[in-house]
Structures are given as structure tokens and as C-alpha cells.
Amino acid sequence: MPSNDARLTHELAAGALRHRRTLDAAIRPFVDASWNRVEPDVRDLLRIGAHQILNLDRIPPYAAVQSTVEASKRECRRASGMVNAVLRRIADTPKPTSFLSLAEEFSHPDWLVKRWIGRFGKPQAKALLQHNNRRPVLTIRPARWSLDRLVRALNDANVAYTLDGSFLRIPDPGPVRELAGYVDGAFIVQGGGQARLTDYARFDDHAQIWDACAAPGSKAVLNAADHPVLASDRSRERLQTLADNLDRVQRRASLFVADARHPPLPYGILDAVLVDAPCTGTGTFGRHPDARWRISPARLARAVGQQAEILDSVSPIVRPGGLLVYLTCSLESDENEDRVDAFLKCHPEYQREEDDLFIFPTDHDTDGGFGARLRRGP
């Protein structure tokens, strides 16, 4: 697609996901049949049309109705009349101004919002929900180029950015592959929260690192600048993404396919192990709006169980005196400090080396996450 069309398409898809619950509430009163009986593709078309009418001022309502009806004729012709009627009625109805709950207002699951209010308090929970519904900025870090050279290239290309420590935040980047220096491996894309976690991990000089859940690989790529890195993932496809990024920035790491719950490495041989654990990703809902509709209490429980298995399995690989770094992109205590506490109870050979790092998204306007540095005794 041309870049303008691609950006609009992304906005329509991401916006329909971010506001899905409030869009459904606006659509349902005008659907004669049960909402759950409407075909999934038609529900998505209605959400995309309603998102344009209710949330995108630059698209006139008549154009939103017309384009969505045309799309429905291609995807499900028999539903085009219903799509037309529903969207016209939404366009003629005043926008809702009050909601029964924060979960409804900001389009998140009830149980999760209740959990966040209990943990963070209502003002912080509301700020988090607002953050999740804003379009995220792109964050990049220098790789082959120095920070100064990357800044000069962005200035020459008239790309707006702000400097935030060791990384740059770009609010309106266009296609990433068209940014100055991308082809030359000048930078790596990494969310601001994950950038802070990468800096927090900081491995000892010359330490050999195993990145046990590496893909898609920004941390492995950055660590490979100063350390010999082994990097594995159980997904061959995701590991290929890491290989492509390493090639682009001309760095090397030893890659292999492996499930971290069954490590194919001898005990006690590595200076450091990094576990960027599979998790619910609740700290990245602003960047991944679809993820809020996949999370559930059962999914959280499964993630916690998997994290426990991974930590138990990789901890013997660290040599005495070595470092085990545990990271997540989650805001949930079950996956973060509680998981580390439970691990340390069962593994007295490890101790926290310093305070854990918790990143709340609104504190720095980034994605959120958690990190713990655990040192193995001699």
C-alpha cells in the first residue's frame, strides 16, 4: 500500500480494537438480531465504520458509511443493507457522554480494570486506561550508528523526535523501513519500557549470556554489541526475525531453537541467563490493543505456571557467582515480584542483587514492565 493508505488502515484496525467495547455498545441498540449472532466479519466492519464516525474527526460520517458499505458488499453482500442502516443511525445519534464504569468508558475487560483499581487506585488505573487508548510513539535505539549520527540523520530528513536517555521517541514516523538509516542498521526498534529494562539488566564485562526467550530479539541484538550471546526461542519463525535483525545491524549471536523449560545446556557453565519471560503483556496494551481481548484469569494463571517452569529450568545453567535476570512486559504482581519471591523461596542459592524495577506506563509515557536481578551464590 502507499504509506498514507497503510497508516490509515493501521489506524482503523488498531482503533477498532482499542475502542471495541464502547463501539459495540454504540452499535448494539441498532442491530435487530442478537449481537452474538452477527457474523464476526460483519461485526468487525461495523466496528471499523463506527470508529470512523465516533472517533476520527477527519473522516466525514457519510464517507465512513459509504466506504464501509462498499466493503461489506465485497465481504458479505447480504449484510450490506444492515451495515448501511446501522451506521447511518449511529451517525445521527449524539455520542454517549456517560458510562457506568471505567471499563466501559475505556474499553477494557471488567475483571482486569477491577484488579488494576485494587492495586493502583482509581486515579492511576484511569490514567493507565487513558494511556492504553492513545496511539503509541515509535521508540528506536542506536545500533550500528552512534546516537549523534542518528540524530543528525533524522534532522536532515526533517523527522520530529524527542531524546529520552539512550533512545529516541518519534511520534509520527511513517513506515519504519523508510526512516533514515534503517537499511544500514543504524538503529533497532525497542519500546521505551523495554529499553529501560535492557539498561537495568546490565551484564558483567565479558559475560557470556544466554537469552533464553530471545525472539523477536531487540535485547539480544543490543547485548551482542558487548557480549558473546547465545539466543534461543521455541519458535523457529520468531527466531528468524532475530536473525534478520542481527544481519541488518551486522552483529553476531549463536542462535538455536529450544524451549527454555527444557534447556539443552550443561549446568553451571554460563555467566548470565536472561529470561524475558512469556507473559500476559498487560504493560503493552497501548502498543498491542488486540491483547486486551485475549487476556483472562485462566490465561494469567497459565503464564504464571510457565514462568515458574522456565525459572526452575534455567537457574542451574548459571555458574556460581553468575547472574539471572528476569524481565516481563506485565503489570501483574503474580508475574512479577510474587513470581520472583516464590522462586527465591525454592532456590536459596539465589538472592536479589538490588531492588526490582517496576515501570508503570504513565510514569514515562512508555510501555510497562518489570525486572529483577538475581545473583547466584558462590
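Using all pairs of distinct alpha-carbon atoms, the Kirkwood hydrodynamic radius of the chain works out to 22.8 angstrom. Share of carbon and sulfur in the accessible area of the chain stands at 49%, probe radius 1.4 Å. Note on the stretch 51-126: Rg/Rh from C-alpha atoms, Kirkwood Rh, equals 1.15. Computed with every protein chain present, the accessible area of Ser80 is close to 20 Å² [probe 1.4 Å]. Think of a 1.4 Å ball rolled over the protein heavy atoms: the chain then has 48 Å² of accessible area per residue. Take the Cβ atoms of Asp363 and Ser146, set R0 to 22 Å, and the FRET efficiency comes out at 0.20. Secondary-structure-derived ellipticity at 222 nm for the chain, considering helices only, amounts to -13000 deg cm²/dmol, per-run term -39500 (n - 2.57) for DSSP H runs with n ≥ 4.
Histogrammed with a bin width of 10 Å, the alpha carbon distances of the stretch 271-378 distribute as 15, 46, 29, 10, 0 percent, first bin at zero. With coordinates expressed along the principal axes, the C-alpha atoms belonging to the stretch 40-177 extend over 57, 42, 25 Å, beginning with the largest. By a 1.4 Å probe calculation restricted to protein chains, Glu178 has an accessible surface near 140 Å², given to the nearest 10. Compared with the alpha-carbon gap, the fully stretched path from Glu349 to Ala25 is longer by 111.3 nm at 0.36 nm per residue.
Pair-distance distribution of the stretch 1-96: all C-alpha pairs, bin width 10 Å, starting at 0; shares per bin in whole percent are 16, 54, 27, 3. Would the stretch 184-288 count as rounded, prolate or oblate if I go by the C-alpha gyration tensor, calling it rounded below 1.5 in a/c and otherwise prolate when a/b exceeds b/c, oblate otherwise? Rounded shape, in that the Cα axes give a/c under 1.5. Taking all protein chains together, Leu147, Leu23 sort by accessible area into Leu147, Leu23, largest first [probe 1.4 Å].
Based on the Cβ-Cβ distance of Arg74 and Arg134, what FRET efficiency does E = 1/(1 + (r/R0)^6) give at R0 = 41 Å, to the nearest 0.05? About 0.85, to the nearest 0.05. Cross-link partners for Lys114 among the lysines, with Cα-Cα distance under 25 Å and sequence neighbours closer than 8 places in the same chain left out: Lys122, Lys126. Across the alpha-carbon atoms of the stretch 88-162, the computed radius of gyration and Dmax are 20.1, 55 angstrom.
Taking a ≥ b ≥ c as the square roots of the eigenvalues of the Cα gyration tensor, the stretch 34-79 is oblate, since a/c reaches 1.5 or more and a/b is not larger than b/c.
The stretch between Ser166 and Asp32, if pulled fully straight at 0.36 nm per residue, gains 42.8 nm over its current Cα-Cα span.
Of the beta bridges DSSP finds with both residues in the chain, what % are antiparallel, to the nearest 5? Among the beta bridges of the chain, antiparallel pairing accounts for roughly 55 percent.
The values are calculated or read from the model by the stated rules, or taken from the named source; none is laboratory data. Quick caveat, the model's predicted, so the values are computed rather than measured. Positions of Cβ are generated from backbone atoms using ideal geometry, with glycine treated the same way; all protein chains shown enter the neighbour counts. We work out accessible area using only protein heavy atoms, side chains counted, and drop any ligands, DNA or RNA first. Shrake-Rupley method; radii C 1.70, N 1.55, O 1.52, S 1.80 Å.
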